[in-house]
Amino acid sequence: MSGDLSFFRPARTGPVLVRGHGASFWDAAGRRYVDLGASHGVGNLGCSHPDVVRALQQQAAELLYLGSGYDLPARTQFLERLVGQLPPSLNRVFLSNSGTEAVEAAIKFARAATGRPKVVAAMRGFHGRTYGALSATWRKEFREPFEPLVPGFVHVPFNDVAALTAAVDETTALVLLEPVQGEGGVHVATPEFLAAARARTSAAGALLGFDEVQTGMGRTGRLFAFERWGVLPDLLILAKSLAGGMPIGATVTTEEVRTRFRGSHHSTFGGNPLACAAGIAALDVTIRERLWERAERLGEYAMDRLRHLPPERVREVRGLGLLIGLELRERVTPYLVRLEERGFLALPAGATVLRLLPPLVIDEDDFRAGLEAIEEVVGRG
Ligand SMILES: Cc1ncc(COP(=O)(O)O)c(C=O)c1O
């Protein structure tokens, strides 16, 4: 097992998966597992989507790497595709290799563009594990062993308009929020909260950043979750499924932020040919198949069904599109194990929340079977 040589051992030993296609994985013995977790949201298109594989093969054969100082048709095309899906003001993109790097860039851009130090984030928020992103992340277990973290970060209760309004002042560079908190237990922002974040940051001369690393690319029933609230950020952070399974991060911002930015920032592999080629293919599939509509439809169906689970087991069902949290009254791990025994791979979000984050392309029968398995292990009402 790689766990013996890896720095971290896996929390528990799951099946050894050797092949994937769509929302299915297979172990070495040929047993199939249905993916209800999309590898933490990377797999909106499922595993090894043929269009992504083809684009990668072609790009790898033509030009595997090229320094970011050179023009690269795949990068130009990818950025045009991405920006073409966004409101006109969001038209400057910095490419990196992961969610946490995209968050770091957003924090640096905001501080360097405003000349201010303070970052306001939300309790229960998750933004990554590098120092800036970790400083914006809420959970004590993630933060404490690595202190001191970056100074200047404060946290307000999610969806608390008064606390957010009070926290933003003339020293604030950035308010950083997830429209739906994923790792923190699947909590959906209220319209009032995001509208207040927009109004207060604009009034105070601060920037508003949405971390859509998990909610982006169709997951919540819109291509970008912020479209639902009609609140436009100054910084939009994307990663996970943006390149169909290849490592990528994108920090999208405005011409104004770019003009005001002072300093330098760079990533050797950011915007590399393979990530860009995969990104073009992934965006094309998502748009062609209007996968956000599928997420919306399947998500509503699932939430309706899961709301019938017995209240003595399930405290709450929350979510948007195919980002769904089932808050249990006890620890989630035994339920995940029982689901895995039945051939379904789901995720936790904290200690008691069972998180569903299936590929948006999941076969409807597989998805229904997954919901049935959940009903079985959690218990019918
Ligand atoms: C909302 C959000 N932001 C940032 C990250 C960090 O992304 P990565 O693991 O690619 O660094 C995650 C990862 O789960 C996330 O869910």
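The values are calculated or read from the model by the stated rules, or taken from the named source; none is laboratory data. All figures in this text were calculated on a predicted structure; none of them were measured in a lab. Glycine also receives a Cβ, built like all others from the backbone with ideal geometry; neighbour counts cover every protein chain displayed.
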Checklist entry - Looking at (1) within 12 Å of the ligand (Cβ to nearest atom); (2) crowded, with 24+ Cβ neighbours inside 10 Å, which is the only condition Gly184 fails? => result (2)
Item to check | Some residue of the range 254-265 being closer than 26 Å to Gln181 by Cβ and either buried (at least 16 other Cβ atoms within 10 Å of the Cβ) or within 19 Å of the chain's Cα centre (by Cα) (or both) | outcome: yes
Item to check | Hits in the range 11-21 (condition: free of Cβ contacts under 8 Å to residues at least 40 places away in the same chain and away from the ligand (no atom under 16 Å from the Cβ)) | outcome: Thr13, Val16, Leu17, Val18, Arg19, Gly20, His21
Next on the checklist: For the range 200-235: of the residues being among the charged types (D, E, K, R) and crowded, with 24+ Cβ neighbours inside 10 Å, which is nearest to the ligand (Cβ to nearest atom)?
Outcome noted: Asp211
Next on the checklist: Checking the conditions here, which among Leu64, Leu90 is of a type outside the set (Gly, Ala, Ser), assigned by TED's automatic domain parsing to the domain that holds Leu223, away from the ligand (no atom under 16 Å from the Cβ) and over 20 Å from Leu208 (Cβ atoms)?
Outcome noted: Leu64
Next on the checklist: Being of a type in the set (Asp, Glu) and within 16 Å of the ligand (Cβ to nearest atom) narrows it down to one residue among Glu178, Glu170, Glu147, Glu192; which is it?
Outcome noted: Glu178
Next on the checklist: Taking the condition of being out of contact with any Cys (no Cβ under 9 Å at 6 or more places or on another chain) and at pLDDT below 95, how many residues in the range 39-53 meet it?
Outcome noted: 2
Checklist outcome for this item: Okay, helices (runs of 4 or more DSSP H) sitting entirely in the range 96-172 with 3 or more residues that are of a type in the set (A, V, I, L, M), I get 99-114, 131-136, 161-167
